[in-house]
Every structure is written in C-alpha cells, then in structure tokens.
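Let me begin by presenting the structure, written as structure tokens, before commenting on it.
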C-alpha cells in the first residue's frame, strides 16, 4: 500500500501522474486533453455528485440537500422530538426509521418497544417508512431499497456508507437530520477528495474486512483521509464483487473520512436489477483527467488475512504476523489497554495462549459489515462438515436482512452453519455496540463487525468486568471456528467457494414494512411511552462565561463510546435526563456529580437567587474576576461545565455524546483537535463551544475555573482567537483559546443555545 505525498492526476482511469512542476504537460501528452488542476478537480465522481446537490451556487461553500434520510431506533426518537419542537409538519423527503439496535425489547421493560410504536406512528403522521425489528439492519435496508446512482443519503449512524452502489452517503449526529427535515441544508466546505487506486485481485480466503483493516491501519494515525471523501477507482474495482465492495466501503468510516464513492459498472447494475430497482443504476466514472488531493495505491493481491486487536480498528496486523510474534503483540495490547482502560482493571490476553496458539472464546459474523450474503455463504463453505466443538468457543451469525436470511435458508447455508454448532439469528446490530452476545469476563471475541472499542462487547469496567474484541473477516472467523477456537486465517485452509447466486425476495418487505409513500396523516396520534421525554430548556449564550473543568482526559483519542456508553444505556436515549446520568460513566464516574454541582450555580442565576449561597467557591471566583472586570455581574454571566480531551469524538455519530453534556449544564469542550467533523457539529448544534487549545502543557487542570470574557461578542464577531483566564489563587492567568471556522448559522445556533432555540426564534 502506498500513500502519495502530493496530489495525483488519474488519466484515462488507468494511469497516475504525481503533481509536480511538469505534471500538466505529462497529463496532456497521455490524455490528449489540455486541462488545468482546477478543471481536473471537477472531474472526480465526488465533485459531480456534490455539485448536483449543492444549493449555494458556490462550490467552495456547500449547502447540501440530501435525497433521503435514514435512522435507527436509538436515534430517531430524539431527532423527531427535536424536529417537532422546531416546527416539523411532515417529512419533506423519504425518511426511513429502522429498528435494529434496540430490538431486544426485554431490556429496560417496555422502553424499547415503546420507541418502536413512537416510530411507527410518526411514520404515519409525518409520511415516512417504518421497518419493524428483526427485518433488516439500517444499512442493509438502505442498500436494498434506498440507494441510487448519483444520489446522496444522510443517516444518523456513522456507518452510513453506500458508495459502492454509487450513492454518496454520510453519517451525522441527529441535528443535521433535523435540518433536512426542516428544509435546511448541510453546510460544509468543499472536502478534499482522496483517490483509492485498486489493482490486482484478492487472494483466495481474503475478504472485504481484510482489505478494509489494511487501509484503516495505514491511514488512521496519519489522518490521511480525515474529513475527506474517499473515491475508489482503478482496474482492481472490476475484480471485486459488489458484496465485497460494500464490505470495504462500510468500514471507511473507521478511517475518519467524511464519505466515500466508487466507480460503478455492470456488476452494480446487476445488483440493482436483482433488487428490482435497475432504474436506480447510474454509471459513475472519473473524467479523462481527474485530480485527487491524495492517492492510496493498493495491490489487492498483496493483502493477507488481517486482525485488528483491541481496542481500535487501526490496531492491525496480518494474522500471519500475529502468530509469528504472538507474545510481543499481546504485550503491546496490554500496554495499550493500560491507556484505554485507565488502569481500572487488569487486562491480558496472554492467558489465551494454549500450546503456543491463541484461543478465542467467541466468533460473530454480523451487522452491516459482516452480515452480507457473500460473507455468510463463504463462511458456510469453510464450515461445511466441521464442528465448532463443545468447549468455550461459540459462533453466532446474523444475516443483515430477512431477505438475505431467507435466501440462506433456501440454499442450505443456514443448515450447514447450524450443523456445526453455530447459532443463526435475526438481523440485529447489537454485537457491534455491546448489546448482544456479550462474552464472559476476560472473554476474547473475534468479530466481523465495525468496531472493537472498549465496552463494545458489554464490559463494565466500574464493576471489574472486562472482555475484548478483535476484528476479522468472516472467512477467517469461520476458519477459526472450524479449528474449534484456535486462531486461523482463511488462507490456511483448503476450501472450494461455491459462490451461489443471490435471489432477492421483495415480498418480505411488502408484507411487513410500513411505507406511507410520502403521504402524511396529520390526524395520526403519536404514541408516547413513559420513557420518551422532551428536551429540557437550554440557556442562550451569555455575554460572559465562567466554565469549570469537570473532567480531564489525556488519552490519545476519546471515543463517543467513552463519552456516552453504548449497550444497555441505549434504552434511555429517548430520555435526555435519564441518559445523561450515564455520561462518561465508564471513563470518569465522578463527571456527572461534578457537572451537576456547576449546573446548580447556573440555575441559581436563572432563578435570580444568590449563586454564592449554592457555592462559596464560586463566590470567591466572582470576587477575583470583578477585581479586573467590574462590569461582570450575575445578570450578564453564564456558568457551565467543560471537559478537556486531547482528541474527542472518534467513532459513532451519536449526538448524545454532546447533548448529554449540554443537559448537565455543559457549555464547551476544550480539545487539541476533534477526531471527527460530526462530533464537532454535534457540539455546535447543542449550543456548545468547540474550543481548541494548542498541544502542550495545559494552563488549567481538573477542578479549575475558566473565565471567558465577552464570549458572545467573540462568537458574533467571528473571532478565531479568544481570550480566557484561569481563575485561581485570587488571580487571573491569561491563556488563549481558538474556535476554528464556523458558518453564520452555526454561530447563531451557539448564540441561541441550541438548534431547537435557533428554530423557535425564527417562528
């Protein structure tokens, strides 16, 4: 794999020319076309799709309107509640509500099924589409029924990626979907486009997860594609089935790219034809001369079976390398765990080594990444006639949709899998976020799913419970299962892959999916369960701000799972106050209590009572500030909490990673950088300031107060450098915060206090 150090021209779809002084002359001689770099930039597939969906008239400052929206049952309640509070009357574009996350309705009493009934009645009232539990995971339904060539889809799940089908899709926090529901736009600067130039053909036994992990391991730490669009081109694309392309594509999220898109061909046309939607196919290919801001060259024939060890998809090795250096790599995992888990529990995988081999306790093939037809049929071919054994090792397989499951039943793959001792289950995303197939304490699971962050397998560190996940391809998981739990790469076994043809049965959805066909029924009554709560009132940005640092996180990266845990907490995502109690619970259990103490001060100010009676500490802080800023009073200040994290927001699109902080009185984050655009956007949409501070020794520590004078003026006047002070020991110590670029709408959202307030002010 090779990452270019410069931009790159792609000529006639097959030749690469590095950006250099004589590049345009070389390009002209090869293509016979006279062009400039700026013209060539417009010849990427991504540029064309973004241009077709941009409403601003300015391709540097995009205002995108999407064709369709999709959400699942962890996110759609909060989105619709936000939109209702902001004036929603009907869904203006197709909006699909799937139920694939909170499908285990025994968790939390009636809570989950109450959310489902809320979703069904909202689909009827506002004119949407409702997919019942166990029918399909969100992204498989989108592939089968929503994607279209040249279209754009916005989803409230980070793995919203349908680029292999010619659809540019993006995963964002819920407020960005709210904007689309209210006929507003998705506003971003024109992203850079990085080409992924594929050559060669994958080796036998190598699957899409292997290719994806190889890419993630190469680019994540470098930030090579962060907030950029990945565009897959080159002759190697034609050597991949569509299922294979989909399996690579969905994992691009883990590179921190903004979106992805692939060139399309007759194989993609056939995919649409199989699903009864051939009219949605569109041939997409770069122009004769296309310019990319970076280029990743991949020879598919060089990729070997891969594994991403705990606790991140970028912690990658070939399975061959892991076996050859087993104890050294396991030792490195322990060192990484000490950082990721803050030393809360003792973690080791060395006790999994038996006779020099690594034994795993569990295998899972599931979800939007692993549950595809080809992944499961290849796994069935490997396992046919084998046994997973009667020891600790278990194997669960979750087809990504009921149509896939039905075809696997018809062609015998399900019977082959079950005969080995494997369990085949319905479409469910739980194993991907910690709500299904939880291993025992100290268990080690290998999964063809999307993530292996801490807690993704159900651990509760505060209770001393820890297990871990490694990511692998379905084929190597099946090979390991055939070897009764001893880690085995799919290239180590002899197998004949039968590659059966897929037949899609659309009547399954016709019989169960509610589709309003875009017709709203205003008379429909929405069903509210007792756990479904409105968003609490949120204060606007004050003239001056006092922040108390209530958590300080120095991990290299902080995931959204650590900011607000997944798993069993998901049942409370329709209850803002209830969910907020879990904020940072697995990273900093004292956070909620500290934040609430600060919030009491702000509530006292809003109630026009003396905040000094709530906190003598705050009284001393005000006295120090007023020595220099005499005009600061409780009539023009706001008091809130903030956290510091080096690089927060990797992972899920979940808005609750930000909204829970806001519900508890949070008014800012301070970071060296933000891991993803979507987390920063979530902060902004919930009225929180996304402050930046230069890497180095911090001027403050946990428990310190920070005074930000004239913060409202700084935001409204578009200042990028903002003066701040640490209030300590009776004095003010000045330091500098940066804001980064904000659109005019984003500034107004922050000024108003959140997106809901912003829209209410416009009524």
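The values are calculated or read from the model by the stated rules, or taken from the named source; none is laboratory data. Owing to the predicted nature of the structure, the values given are computational and were not obtained by experimental measurement. We place every Cβ from the backbone using ideal geometry, glycine too, and count neighbours over all the protein chains shown.
Residues checked against (1) at pLDDT below 90; (2) within 30 Å of residue 760 (Cα to Cα); (3) crowded, with 18+ Cβ neighbours inside 10 Å:
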site: 528; (1), (2), (3): no, yes, no
site: 540; (1), (2), (3): no, yes, no
site: 548; (1), (2), (3): no, yes, yes
site: 591; (1), (2), (3): no, no, yes
site: 595; (1), (2), (3): no, yes, yes
site: 601; (1), (2), (3): no, yes, yes
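Does the range 11-46 hold any residues that are closer than 19 Å to residue 224 by Cα and under 30 Å from the mean Cα position of the chain (by Cα), and which are they? Matches in the range 11-46: 41, 44, 46.
Please find, among 23, 40, the residue that is modelled with pLDDT of 90 or more, out of contact with any helix residue (DSSP H, G or I) (no Cβ under 6 Å at 6 or more places or on another chain) and not assigned by TED's automatic domain parsing to the domain that holds residue 177.
On the way: 23 fails: modelled with pLDDT of 90 or more.
Only one candidate qualifies: 40.
The residue of the range 248-279 that is surrounded by the fewest Cβ atoms within 10 Å (Cβ to Cβ), among those that are under 15 Å from residue 143 (Cβ atoms) and free of Cβ contacts under 8 Å to residues at least 40 places away in the same chain, is 278. Restricting attention to the range 691-713 and to residues that are free of Cβ contacts under 8 Å to residues at least 60 places away in the same chain and in contact with a strand residue (DSSP E or B) (Cβ under 6 Å, 6 or more places away or on another chain), the residue that is surrounded by the fewest Cβ atoms within 10 Å (Cβ to Cβ) turns out to be 699. Of the residues making up the range 174-218, those that are under 19 Å from the mean Cα position of the chain (by Cα) and assigned to a strand (DSSP E or B) number 3.
When only residues in the range 358-375 that are over 20 Å from the mean Cα position of the chain (by Cα) and in a loop (DSSP other than H, G, I, E, B) count, which is surrounded by the fewest Cβ atoms within 10 Å (Cβ to Cβ)? So the residue we want is 361.
What residue, of 439, 431, is in contact with a strand residue (DSSP E or B) (Cβ under 7 Å, 6 or more places away or on another chain), at pLDDT below 90 and not in a loop (DSSP other than H, G, I, E, B)?
Details: 439 fails: not in a loop (DSSP other than H, G, I, E, B).
It is 431.
Hey, any hits in the range 416-427 for a residue that's surrounded by fewer than 17 Cβ atoms within 10 Å (Cβ to Cβ), closer than 30 Å to residue 249 by Cβ and either assigned by TED's automatic domain parsing to the domain that holds residue 588 or over 31 Å from the mean Cα position of the chain (by Cα) (or both)? Yes, the range 416-427 contains at least one residue that is surrounded by fewer than 17 Cβ atoms within 10 Å (Cβ to Cβ), closer than 30 Å to residue 249 by Cβ and either assigned by TED's automatic domain parsing to the domain that holds residue 588 or over 31 Å from the mean Cα position of the chain (by Cα) (or both).
For (1) over 30 Å from residue 324 (Cβ atoms); (2) without any contact (Cβ under 8 Å) to a residue 12 or more places away in the chain; (3) in a helix (DSSP H, G or I), each residue gets a yes or a no:
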position: 477; (1), (2), (3): no, no, yes
position: 520; (1), (2), (3): yes, no, no
position: 532; (1), (2), (3): yes, no, no
position: 537; (1), (2), (3): yes, yes, no
position: 546; (1), (2), (3): yes, no, no
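Considering the range 636-651 alone, what residues qualify as being outside any strand (DSSP E or B) and within 20 Å of residue 342 (Cβ to Cβ)? Selection gives 646, 647, 651.
Annotation: of all residues in the range 729-747 being touching a helix residue (DSSP H, G or I) at 6+ places or on another chain (Cβ under 6 Å) and assigned to a helix (DSSP H, G or I), the one that is surrounded by the fewest Cβ atoms within 10 Å (Cβ to Cβ) is 747. Entry remark, the range 80-112: residues being closer than 25 Å to residue 426 by Cβ and either free of Cβ contacts under 8 Å to residues at least 40 places away in the same chain or assigned by TED's automatic domain parsing to the domain that holds residue 574 (or both) number 5 in total. Being touching a strand residue (DSSP E or B) at 6+ places or on another chain (Cβ under 9 Å), closer than 24 Å to residue 442 by Cβ and modelled with pLDDT of 95 or more is a property that does not hold for residue 349. So, in the range 377-404, how many residues would count as being assigned to a helix (DSSP H, G or I) and touching a helix residue (DSSP H, G or I) at 6+ places or on another chain (Cβ under 6 Å)? So the count comes out to 9.
I'm trying to understand the selection: among the residues of the range 616-659, which are within 28 Å of residue 564 (Cβ to Cβ) and either assigned by TED's automatic domain parsing to the domain that holds residue 157 or over 39 Å from the mean Cα position of the chain (by Cα) (or both)? The answer is 617, and nothing else.
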